[in-house]
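Structure record follows, encoded as structure tokens.
No value in this document is a laboratory result; all are computed from the given coordinates. A quick note: this is a predicted structure, and the numbers were derived from the prediction, not measured. Reconstructed Cβ throughout: ideal geometry from the backbone, glycine too, with neighbour counts over all protein chains shown.
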Amino acid sequence: MATRKFFDRSQPQTLQNAVILCYINSALSLIYAVGQGGVGLALLAILPLGLAAWGIANDSKLGYVAAVVLASLNLALIVFILADVRFHGSSISVIFNLAFAIILVYLLVHPVSRSYARIWFRWKI
């Protein structure tokens, strides 16, 4: 029987950090959405990134692909918001979100992460 894990310490450091950032991003986005009152939409947007991180921790190629796609979409959305927002006092949070999104995408598409995923991950759920 296969055991499921929340975090895999045997993976490269880039994937470990990407998994942690995915979990943190999901948790903080959920807290923000609950504070704003949009729980339903938040679960649709945030839950998949947490599940993708769980898939990466369990050596799932589907989880890895989902994490790359979701992180890239998140980065594109933040860039779109940043291009539309005039630089006021509240835009500093958008800049921090942009930095986290760039770091997450970078960690996921880093050559070490890609080669590890190509060699060791399997198409499973």
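Between Trp123 and Phe7, the C-beta separation translates, for a Förster distance of 25 Å, into a calculated FRET efficiency of about 0.70.
Using Cα pairs closer than 8 Å and at least 6 residues apart in sequence, work out the relative contact order for region 13-120, in percent. Let's see the in-between values first.
Details: 94 pairs, mean separation 33.4, N = 108.
Taking the mean separation of contacting Cα pairs over the length of region 13-120, I get 31 percent.
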